[in-house]
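These notes concern the structure reproduced below.
Here, each number is a calculation from the coordinates, and none is a lab measurement. Note that the structure is predicted; figures quoted are calculated from it, not measured. Here Cβ is always computed from backbone atoms with ideal geometry, including for glycine, and neighbour counts include all displayed protein chains.
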Amino acid sequence: MIDILNGIGSKVLKEIGDAIDLTSLEQMRISVLGKRSVLSEVLKGLSSAPSSERPVIGSAANAWKKQIEEALDQRKEFLERALLIEKLQNDRIDVTAPARLHHRGSYHLITQTTRRIIQILSRLGFDVTLGPEVETEYLNFEAVNIPADHPSRDMQDTFFLGPGVVLRTHTSGVQMRSMMAQAWPMRILCPGAVYRCDHDATHSPMFHQLEGLWVDRHVKMSDLKGILEFFAKELFGAETQIRLRPSYFPFVEPGAEVDVSCFQCRVKISDACRVCKGSGWLEILGAGMVHPRLFQVAASTSELFKNSQGLTGFAFGVGIERIAMLLHQVPDLRLLFQGDVRLLSQF
Amino acid sequence: MRISWNWLSELVDLSPFKGPIELAEFLTHRGLEVETIDRLGQGLEQVITAQILEKKPHPQADRLSICLVSVGSGDPLQIVCGAQNMKAGDKVALAQIGAKLPNGLEISQSKIRGIFSYGMLCSEEELKLKEHSEGILLLPPLTALGQSLATFLGRDDTILTLKITANRGDCLSHLGIAREIGSGLQKVPQLPSVESLVFQKCPISIDLSAGDLAPQFFGCWIENIKVGPSPDWMVNCLEVLGVRSVNNVVDATNWVLLELGHPMHAYDASKIRGSKIQVRLSRPQELLPLLDGITVELTGSEIVVADQERAIALAGVMGGGNSEVQMETQTIFLECAEFDPIAVRRSASRFQRKTDAAHRFERGVNPSGLAFALARLAHLVIQLAGGRIVGAAQAQLPSRSGIVSDRREVKFETYYLNDFLGFPRDQEPLTLEQVKSILEALDCRVEKQDNAWSVCPPSYRLDLNIREDFAEEIARWIGYDRIPSTIPILSSPPGFLGSALPRLTVMDRAKEALVRAGLNETVHLAFTSRSWLSQFQYSSFVQLLNPLSEEYEMLVPSLIPGLVRNALENWHHHFGSELPSIRLFELRPVFSSSSPTIEARSQAETGVIETWKLALGLSGSRFAQALRSERGEVDFYDLKAVLEFLWVELGTKGVRLIPLLNSKSGGHPLFHPGQSVEVWMGSSLAGHFGLFHPAKAKELKMRAPFWIAELDWQVLTQLSRPSAGVPRFQAWPEFPQMERDFALVVKKGVSTEKLCQLAVQVGKPLARTAQVFDIYQGSQVAEGMTSVAVRVIFYHETRSLQESEAESVSARILEAWKKEFGAELRS
């Protein structure tokens, strides 16, 4: 009987191993372990076996039963996994199809550039202040040492709105407003739109400037140079050199034009350089020591500027668009003001 | 200012410079920026003067001829030429083999239709002497052979174009530049030697009656001159410096102007009536025919030079046509004067005659240089036109007699220059001896008195008046590159100015929020046109008095017209089948005026009101990239989402949205009345947002719905952090919350926001929030009704809720909804 049992057992185990799907495996379970199964039939004959053999046959039968159950479970698990794998393979998507992209926002290049510059200079202790774009002729010109009927007026073609009212041609009026309202020491940055009657690829009737002013006792021209050197290296890279050339702006004395070494042809100046056009230098700002006349004007208006013995200062002004165009190689200034999404979304 | 290298080298030794480029660098580093360097002879190196000895037809070509050309020495050369205008004996310009002409043509030995040609006879066009020319250049019969054409034409020169700043009137001449170079090299410029004039025997006297406006006037009377063309060297030189040749007398005045910087004038003496020249103010309505043929009506405030009957020159600007030197003129009266810069500037701009003379007078002429300049001119005229000096006259106000510069002494502390520029005291490159020698090189008179310098600038340096001016001179002389670099000491704590802090921080945060919401910042010009604004029914504008064009005539009263134009342009230049997404924002001031006329109210007030505005414009797909079925078009709720996100980011409190249809302030003509809202903040109307009005959109041919917003930045800022303080931590519920969903049917038009507000109000304190999560209109509900699904959330801070508690509050809420809005549960 044991032999029959063993024969059935090994046959069933083989069949389980060969089962190809879950349905046939389930049928096998019923036919092997069910009430009318082969195994049950064998065990029914147990009563006719000699009593001494019964425990041996019984335990052999149970062992087989356990072994078959395990085999069934294993096979089931195997078939189920195979099925899942097949199912997942059928569920595949095209991972190369386009992503669902959100819109990417952007700051205007003028804002980006202004923020960069403010970030650099505020580390040196500068504060930011704003002022009106429509300015009095007095604050835009007279107060900053550009008298009426003086040739220096020709340096800036001015839009007029009415007698004594202009669109500011620089943000210097903001500096005067600050000097009239606040005590020194003073370290301010004045960013904002300025206006001049000029329109072509390199001039816009509205553009942006950032002017800096540092007023304190015993400020030196070497301080101006040190600050500008720091600024240029932070903005254009650590290898950047600056070069000051004498120039004339009525609100400063001495005055300087400031060039930085071309960040494009860093190693070797190239005649073909699109940024510096082969000169190796880029003219980026005007600067100088505050003209004493400005302190006199401030003192005549504000108590806070009286007692200005030994007071000196420096000022500088940088064109935001110029820097933005240099850094990002925008070919035409007018592009910055056209609101074309093809430009705006690039930066 | 155009400067000739050759002329300059006659005034000062240029040998320390290798060439014009080195000179240009030297000048640029001293603040006289050289903008261009123009080598006139470039391309003419191998072109020489020659003569055609023989001309015969080319055997193979009717239009060509074969010329035998002599260059003065050696064998004549055979040249094939296609021009027709020459004959044997003519003097011509020959480009020799190896020449590379200004137009790029390289000359080599060639065979033209079987005949060898050893060079080329050139036209003016080929030599770039003229834009267009016919035939080859024929030179005067007396031209010597074999000399460089550039030399012959006076073109073996280099012209430097300098940008002279407004303070350096003294540099508007060759002498001025020579002085500048001389001071740097410590060399004295060489003036042409001129015999001084004797101020007597002048047939007319000079009367100064314009006071300080005309402090000096020198004149010289010359007879028996012969007016005619100037010699070629002078014509050529004037021409390359940008001055058109007129005749030998006028050219001489221009020559001295370019040489010494003094504007000069020549009158036909026979046309001067009476025996006195009067320098006076004009009379109102006095007429003066100018040299250019146009008669101007004077106002009474210009300085004029007059004879005893009439004005004969607009002083400092232009001579009169009534006293012009002409071909038949034989006697002349020469003028060299000093006029007030402001008066000349006003005259020149009033009559729009920005002449070379006016340009120099505006910047100031050397008050001590007049007598020399006049003598120089008188002798030059005689050299060119013959004649004899009859006499000279002068008139000066007392303020101009003697050495003018003595009155401009400036004193400053000995070490001021070192301390101000940042050079160490008593050290190279700025020891006391060095200071003295630099100032002396600059032609200043320097004295050390105790611990101070006393410095008198030279008379021609009108720009040196205060100690800072001398600091610049010293720095310029040493070189700005030698100034040390230092970092100044902070003498007060750094930190944002109190007043600017909220404005700037909020501005930065707002931009950041909008960028994170996927919007592109845009910046428009603040100008717009009247016609464009009228499309938007804006009526009061701030107008420019001198606009660039009609397109830029007004300052913007609102940011919306700019955004709309922007959208139109973006759509216009888009070629694809689907319109681009437009997601823009702009933050800047707009302009208005409280009164119709704009005028300064005080030194600091303009009367123009600048209001900062924030504007948004959305159109197109919700995603930057997605499959068509998933893309979706932006609508009201997308715009609302951007604004709500902004308010959360800024910590804005107290925002109320009123549907435009319920507006008590009269709506807004640019917004769709049913799909837009008014934004109220506190008690202020802060702006609007919604759909750009469809009728207007159709009129403007807008190609897609445009969702726009415009908010008053001032109001928004006041109700936002950091004005409203720092946000505090808020605890979330510890005990589980309960949710109840309600499907309601209400009449269309009921505000879902109000449904939710009512639920929270009557469900207090357990009902905490109510949120609409679905809205449906259509076949499943009756006509005119809307189905709204609301989820109410209940919780208690200190314990778990019972089912029954939520049930009873829900019943209360349902009852209130029914009573207030007629809301029924959907069956």
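Determine, from the Cβ-Cβ distance of A:Ser10 and A:Thr96 and an R0 of 56 Å, the FRET efficiency 1/(1 + (r/R0)^6), rounded to the nearest 0.05. Calculated transfer efficiency: 0.65.
A simple spin-label model places the labels of A:Asp3 and B:Arg2 13.0 nm from each other, with each point 7 Å out along Cα-to-Cβ. Taking Cβ atoms as reference points and 13 Å as the exclusive limit, the residues near B:Leu68 contribute a net charge of 0, counting Lys and Arg as +1 and Asp and Glu as -1.
As a ratio to 2.2 N^0.38 Å, the alpha-carbon radius of gyration computed for region B:616-661 takes the value 1.43.
In the calculated pair distance distribution of region B:639-703, what percentage of Cα-Cα distances lie above 18 Å? That tail contains 41 percent of the Cα-Cα pairs.
The tail of the calculated P(r) for region A:147-278, taken as Cα-Cα distances beyond 22 Å, holds 53 percent of the pairs. Computed on the Cα atoms alone, the convex hull of region A:251-347 gives a volume of 158 cubic angstrom per residue. Measuring between their Cα centroids, region A:76-145 and region B:198-271 lie 68 Å from each other.
In chain B, with Lys and Arg counted as +1 and Asp and Glu as -1 at Cβ, which of these residues, B:Val305, B:Gly387, B:Leu8, has the Cα nearest the positive end of the dipole, that is, farthest along it? Positive-end residue among those listed: B:Val305. Size estimate for region B:93-214 follows the Kirkwood approach: the inverse of mean 1/r over distinct Cα pairs works out to 20.5 Å.
Here the Karplus relation 6.51 cos²θ - 1.76 cosθ + 1.60, evaluated at θ = phi - 60°, turns the backbone of region A:54-61 into coupling constants of 3, x, 5, 4, x, 5, 4, 5 Hz, with x for every Gly and Pro.
Express the Stokes-Einstein translational diffusion coefficient of the protein assembly as shown in µm² s⁻¹, to the nearest whole number, given a Kirkwood radius over alpha-carbon pairs, 20 °C and a viscosity of 1.002 mPa s. So the translational diffusion coefficient is about 56 µm²/s. The largest-to-smallest principal axis extents of the Cα set in region B:738-825 are 45, 20, 19 Å.
Expressed per residue, the C-alpha convex hull volume of region B:649-743 stands at 181 Å³. For region B:269-353, the equivalent ellipsoid built from the Cα gyration tensor has semi-axes of 20, 13, 13 Å, listed from largest to smallest. Enclosing the Cα atoms of region B:205-400 in their convex hull gives a volume equal to 102 cubic angstrom per residue. Here the contact order of region B:761-827, divided by its residue count and restricted to Cα pairs under 8 Å and six or more residues apart, works out to 33 percent.
Rg then Dmax, both in Å and based on the Cα atoms of region B:47-152: 12.7, 37. Alpha-carbon geometry of region A:47-107: the Rg and the Dmax are 28.2, 96 Å, given in that order. Normalised by the number of residues in chain B, the average gap of Cα pairs under 8 Å and 6 or more apart makes the relative contact order 8 percent. Taking label points 7 Å from Cα along the Cα-to-Cβ direction, B:Lys818 and B:Lys653 give a separation of 3.9 nm. At full extension, A:Ser279 and A:Leu33 could sit 79.0 nm farther apart than now, given 0.36 nm per residue minus the alpha carbon distance. Overall, the protein assembly as shown carries a charge dipole of about 2560 debye about its Cα centre when +1 sits on the Cβ of Lys and Arg and -1 on the Cβ of Asp and Glu, all other atoms neutral. By the Kirkwood approach, averaging reciprocal distances over each pair of separate Cα atoms, region B:405-479 gets a hydrodynamic radius of 12.1 Å.
Cα centroid separation, region B:649-705 to region A:1-71: 83 Å. The calculated P(r) of region B:54-109, using every Cα pair and 10 Å bins from 0, goes 21, 50, 29, 0 in percent.
From the largest down, chain A spans 135, 46, 44 angstrom on the principal axes of its Cα atoms.
When peptides B:85-93, A:101-109 are ranked by their average number of other Cβ atoms within 10 Å per residue, the highest-first order is A:101-109, B:85-93.
Residues in region A:7-34 near a label at A:Glu53, defined as backbone nitrogen under 14 Å from the 7 Å Cα→Cβ point? Once the point is set 7 Å along Cα→Cβ of A:Glu53, A:7 turn out to lie under 14 Å by backbone N, inside region A:7-34.
Measuring how big region A:2-90 is from its alpha-carbon positions, Rg and Dmax come out at 15.6, 58 Å. Ranked by the mean number of other Cβ atoms within 10 Å of their residues, highest first, the peptides B:66-74, B:272-280 fall in the order B:272-280, B:66-74. For chain B, the extents of the C-alpha atoms along the principal axes are 125, 89, 63 Å, listed from largest to smallest. With both labels modelled 7 Å from their Cα along Cα-to-Cβ, the B:Ser270 to A:His199 distance reads 5.3 nm. Among residues other than A:Leu84 whose Cβ falls under 14 Å from its Cβ, what is the net charge (Lys/Arg +1, Asp/Glu -1)? Cβ neighbours under 14 Å give a net charge of -1. Looking at region A:28-163, I'd like the Rg to Rh ratio, where Rg is from alpha-carbon atoms and Rh is Kirkwood's inverse mean 1/r. Taking Rh as the inverse mean 1/r over Cα pairs, Rg/Rh reads 1.82. Rounded to the nearest Hz, the phi-derived 3J(HN,Hα) couplings of region B:468-482 under the Karplus curve 6.51 cos²θ - 1.76 cosθ + 1.60 (θ = phi - 60°) are 4, 4, 6, 4, 5, 4, 4, 5, 4, 5, 5, x, 4, 5, 8, where x marks glycine and proline.
Amide H contacts under 5 Å for B:Leu719: none, restricted to partners 5 or more places along the chain or on a different chain, H placed in the peptide plane at 1.01 Å from N.
Taken one residue at a time, the phi angles of region B:22-29 give Karplus couplings (6.51, -1.76, 1.60, θ = phi - 60°) of 5, 4, 4, 5, 4, 5, 4, 6 Hz. Gly and Pro are set to x. Remark on A:Cys197: its backbone amide H falls under 5 Å from those of A:Asp157, A:Thr158, A:Phe159, a criterion applied only to residues 5 or more positions apart or on other chains, H modelled at 1.01 Å from N.
Around the amide H of B:Ser593, modelled in the peptide plane, lie the amide H atoms of B:Ile609, all under 5 Å away and 5 or more residues distant in sequence or on another chain. The helix-based estimate of mean residue ellipticity at 222 nm for chain B, built from -39,500 (n - 2.57) per DSSP H run of four or more residues and divided by its residue count, is -7500 deg cm²/dmol to the nearest 500. Overall, the ratio between the Cα radius of gyration of region B:1-56 and 2.2 N^0.38 Å, rounded to two decimals, is 1.68.
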